[in-house]
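Below is one structure; the comments refer to it alone.
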Amino acid sequence: LIRQRTFYNFGELGLTQAKKQPHSVIRYKNVTITAVTALELYQKALECFQKALSYRPDDIASKEKIDFCKQELYGQYFNQGKAAAKQGKWDKAVESYKKALEYKEKDKTTENELKFVQSKKEEKRKRKIADCIATGKVTRLLAEARKKKNKYNVQKGEWSIIDDDLVI
């Protein structure tokens, strides 16, 4: 019960700090957790409430706090995804929406947003490939690769990386 209470109180401190300020150091009974952002504070609080629940599985207060933390984390990651998508940062948007789905599984809105940004990311990738083909860069390098029997070496900088799927 003492360990459960300690973790619960630690979680409470994390939630309080997350609501107050973006940068915090939490100290409780000679233990210190440093968190740079509210997102990290909610994550730390969630971990503490989950640990508290492991010591006392019937604790309704811990369950409620876990649900609250998950909702906050979902909201923060979803908003990060929206902001990244508005700026055309498709990789960051995909990453953020995937993280949001970790806290609110099978959320249709988030799944739709994720599909949308993934399609935009794919369009961008295809545009890069098309640009390389249009400028003759791909054709020239493929001809060189045939001559050298594919002996290019990435570590020596003989390749140009367009994206994860296409290396020329």
Tell me the label-point distance for the pair K86, K124, using the 7 Å Cα-to-Cβ offset, in nm and rounded to one decimal.
1.7 nm
Calculate, for A134 and E102, the FRET efficiency according to 1/(1 + (r/R0)^6) with r their C-beta to C-beta distance and R0 30 Å; round to the nearest 0.05.
0.15
Using 7 Å Cα-to-Cβ label points, what is the F116/I60 separation (nm, one decimal)?
3.9 nm
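Each value in this text was obtained by applying a stated rule to the coordinates, not by laboratory testing. Just so it is clear, the structure is predicted and the values come from calculations on it, not from any experiment. Here Cβ is always computed from backbone atoms with ideal geometry, including for glycine, and neighbour counts include all displayed protein chains.
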